[in-house]
Amino acid sequence: MIPIRPATAADHPALRALLAASSLPVEDIAVDTIDFLVAELDGALLGVVAVQACGDIGLLRSLTVDANGRGRGLGQALVERAEAHARARGLLRLVLLRLVLLTETAAAFFSRRGYVPAERGDMPAQIQSTAQFRSLCPATASCWSKHLGPP
């Protein structure tokens with residue numbers, strides 16, 4: 001299994017490059033409420049995911065796996081680790097925005113993990129106020145949500 005760990009400041013250039021290569025937003029990744037987790041093998045960053053805490057709800061974001069890391073279950077491992085991280089922080093629910101054009105298989109991926117479609121307008125104000133929700137992801141991005149059980 002590829003190790004997953006919290007990102008450090010030294011990871012940010014590679015993290016930014018991986019997100020940009022996947023056409024994911026990088027404009028706000030320095031926000032202090034975003035916790036990045038990275039999968040690294042032999043010095044190469046193969047995957048990333050982040051949880052942006054907004055009160056007791058989190059925004060699951062920035063999930064991507066490099067072409068060299070695909071087919072190893074790394075996406076699933078990153079989401080599971082992000083969910084465990086969110087629970088440990090006391091978050092009760094995770095919300096994500098899915099860009100239809102960029103992640104065509106994401107609906108099945110997230111559905112298998114207990115995420116369900118949700119109305120963007122029904123999201124709490126603290127989620128709607130994030131840059132990702134307000135402007136970085138287009139209004140056409142679908143919204144998904146998962147309630148997290150107790151830790």
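Each value in this text was obtained by applying a stated rule to the coordinates, not by laboratory testing. None of these values were measured; they are calculated from a predicted model. Neighbour counts run over all protein chains shown; Cβ positions are idealised from the backbone, glycine included.
Semi-axis lengths, largest first, of the ellipsoid equivalent to segment 4-147 are 22, 16, 15 Å, with √(5λ) applied to each eigenvalue of the Cα gyration tensor. With a simple spin-label model that places each label point 7 Å from the Cα along the Cα-to-Cβ direction, the separation between R5 and A108 comes to 3.5 nm. If you fit an axis through the alpha-carbon atoms of helix 12-21 and take the longest principal axis of the Cα set of the chain, what angle between them do you get, 0 to 90°, nearest 10? Tilt relative to the chain: about 70 degrees.
Magnitude of the charge dipole for segment 4-147, about its Cα centre and with charges confined to Cβ atoms of Lys, Arg (+1) and Asp, Glu (-1), is about 340 debye. Magnitude of the charge dipole for segment 1-42, about its Cα centre and with charges confined to Cβ atoms of Lys, Arg (+1) and Asp, Glu (-1), is about 100 debye. Around the amide H of R93, modelled in the peptide plane, lie the amide H atoms of G58, L148, all under 5 Å away and 5 or more residues distant in sequence or on another chain. Report the residue, chosen from P25, P124, P13, that carries the largest GNM mean-square fluctuation when the chain is represented by alpha-carbon nodes joined by springs under 10 Å. Residue with maximal mean-square fluctuation among P25, P124, P13: P13. Between the helical axis of 74-88 and the longest alpha-carbon principal axis of the chain there is an angle of about 60 degrees. Across the chain, the longest piece that holds none of the GluC sites (Glu not before Pro) lying in DSSP loops with up to 13 other C-beta atoms within 10 Å covers 28-103. Taking the centroid of alpha carbons for each part, segment 9-47 and segment 110-124 are 24 Å apart.
In the chain, helices alone account for a calculated mean residue ellipticity at 222 nm of -6500 deg cm²/dmol, with every DSSP H run of four or more residues adding -39,500 (n - 2.57).
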